Every structure is written in C-alpha cells, then in structure tokens.
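Below: one structure, written as structure tokens.
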Amino acid sequence: MKVFELTSDVIKKHNIFFLYEHDSCISDHSMHKIKINFEIKSQSVEINEASLEQDLNQHLSSDLFGEKYLIIINIKNVKNIPKINALLKENKSDNIFIIKYPKKDIFKFDQLSESLFIDTEIKEFEKNKYLSYLIKSYGLNLTLDEINSIEITTANNYLALHNILKLKTLTSKNHIENHSTYEGFDIIASIFNDKQEIFIHKIDKFLQSLNDPIQFNSLLFWFFKSVYRHKNNSSINLKNLRLFGNLSKFCLVASSKMSLKLLENIIQKIHLVDKISKGQYIDLDAKLEIKKILHISFLKLRHG
C-alpha cells in the first residue's frame, strides 16, 4: 500500500505494519499517524535487529497495567521478516508493531497475510496525491494558489513540505491579545523589516502562543542552514536551497552580514532547542533559547 492510501479505517484493521523507509520524514509521519489512530500515549519502544529476540520478548505479553505500546523494529536483513512476522502473530498483547526495512522488492511480502505493508517512496507522478493526503491529514483548507506555491517551494524536499504544512496549522493557534496572528515566516521577516520595539513585541507574543517549538525550530534550521550554505558558496542558486521571494532576499542580506562562526553557533543552538523539545536538558527552556537566536540575529543584522 502506498503511504497516501493510509487511512484511519485501514490502520485500525491491523496491528502489524511493515514500513519500507525510503524517506525518513515520510516514515516518521506514517508512524505518528498510526500511533495517533491507536491512541497510544506512551513513548514508542525501538528494537534493533542485533538484540531482537531478547528485547522483543519483554513486550510480547500483555502489560500488567493494560498499557499499549508502539514497538518499532529496525531491521537490515529482510530474510528475518518471516521469522519476525510469525513471532509477532503469536503475541497476545494489544501492542502495535512497525517493522522498518531499508530495501525493496527482494522479498515476496504477499506471502505474509494480515500484516500491512506501507511503501513510503513517492514517485514523480504521485507527488500531487501525497500533497493532497497531507493537506487532509493536517486538516488544512488551502487555496489552489497556496497549494501551487507549496509545490514549487518544496519540490522534492519532503522535510520542507511537512514543515510548511505544520506551520500552516499554527495560524489558528497563534491568536494574540491584540488580535494579531503571526506565523513562523512573519517572525523571520520581522528580523529584517521591523523596528526593534515592534520586533520585540512580535517575538514575545509569538512565543507566548507557541504550542510546539519543534515546528518553528525546524523552520529556523531550514533558513539558517540555507544562509550558511550561501555564505560558504555565494554562487549557489537560491532555488536549489528552496528559497524564493522574500526568503531569498533575507538569505542574501543575512549571508552578507553574518560570519560563518556566528551561523555555526546559531545552528548549534537550533540543535540544542531540538534536544530540549524532545525531553533532553530539562533544566533549559526551548522558547527562551529560540528567543536568544532571534535576538542575536536581529542585533547582528541591524547593528553589525
């Protein structure tokens, strides 16, 4: 089954999924969708091929507290698939299993009945189907012009595609006291366009309403990584960096005024925010670290 055919009705008919991981971003979205559909709130369990049987046996019996887990099994040798499939079918628990494998068309998966096989490879003629699937999945209502713009901007960059659609979902969440609504792109634009007091006001209001720092942090990484690449090679085509319109102008300005060392520090700080948002460094505040990134960028670009 193609990933864009993965509906809630289909998901709920299975508890064993084989996932061909052609693109990690698409795979992550598929796994998240499966987890949400089964209302699994506990942290996912990852098992590697090397310690498969030992680790798997710990999760084959029902949990004493009735807790359901999403168990992800990473394998490299698809010859182990029949053995894993048979082992999981003996399982009496309510756990959900996803077996990720890296190679395709070297095993006859149709021999394994009842399990569902998900193909994350999107071919050129399937891109529109996948975009439509994501728009529905994120619950968005976009105009044709917006959809066309997203297609052009993201091209084959599925990480950028997911990030843009996630940011679109923020529009309905970021309602501010003065009835202003800010998206991640508005905040980046404010660094370059607004006076300092307006910039500070927007940043404070945006961060107050920011429910998921990971989404905005991904946008920051995408933009500053592009600036870093342009700083290293000023002849690089901005379209190859997936930058168009104002973002391409902002990239040129930032590249001319920021040093490689500063850009490296900003990217390291963005990586830190990602780790904080995922539960590491619990003594640090992701929003505060994002605020530091934005302020140092504003000061450097405006005052050198």
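Brief remarks follow.
- The gain in end-to-end length when the D55 to S42 segment is fully stretched comes to 2.9 nm, 0.36 nm per residue minus the alpha carbon separation.
- Once the C-beta distance of F192 and L284 is scaled by a Förster radius of 30 Å, the resulting FRET efficiency is 0.65 to the nearest 0.05.
- Per residue of the chain, the DSSP helices (runs of n ≥ 4 H) give a summed -39500 (n - 2.57) that works out to -16000 deg cm²/dmol at 222 nm.
- Efficiency of FRET between A155 and M1 - r from beta-carbon atoms, R0 22 angstrom, step 0.05: 0.30
- Kirkwood analysis of the chain, using all unique Cα-Cα pairs, places the hydrodynamic radius at 21.7 Å.
- Ranked by how many other beta carbons lie within 10 Å on average, peptides 266-273, 37-44 from highest: 266-273, 37-44
- As a ratio to 2.2 N^0.38 Å, the alpha-carbon radius of gyration for the range 158-303 is 1.00.
- The 3J(HN,Hα) values that the Karplus relation (6.51, -1.76, 1.60; θ = phi - 60°) gives for the range 118-125 are, in residue order, 10, 9, 8, 7, 9, 7, 3, 7 Hz. Gly and Pro appear as x.
- Counting only alpha carbon atoms, the long axis of helix 260-277 and the longest principal axis of the chain meet at about 40°.
- Lys/Arg +1, Asp/Glu -1 at C-beta; the chain dipole; positive extreme among G279, H22, F192: F192
- Available extension along the chain between K257 and I214 is 12.8 nm, counting 0.36 nm per residue and deducting the alpha carbon span.
- Counting only Cβ charges, +1 for Lys and Arg and -1 for Asp and Glu, the dipole size of the chain around its Cα centre is about 940 debye.
- Taking 0.36 nm per residue of separation and subtracting the Cα-Cα distance, full extension of the segment from R302 to H32 would add 93.1 nm.
Read the figures in this text as sums done on the coordinates, not as results from a lab. This is a predicted model, so every value here is computed, not measured. Because the Cβ atoms are built from the backbone with ideal geometry, glycine has one as well, and the counts that use them run over all protein chains shown.
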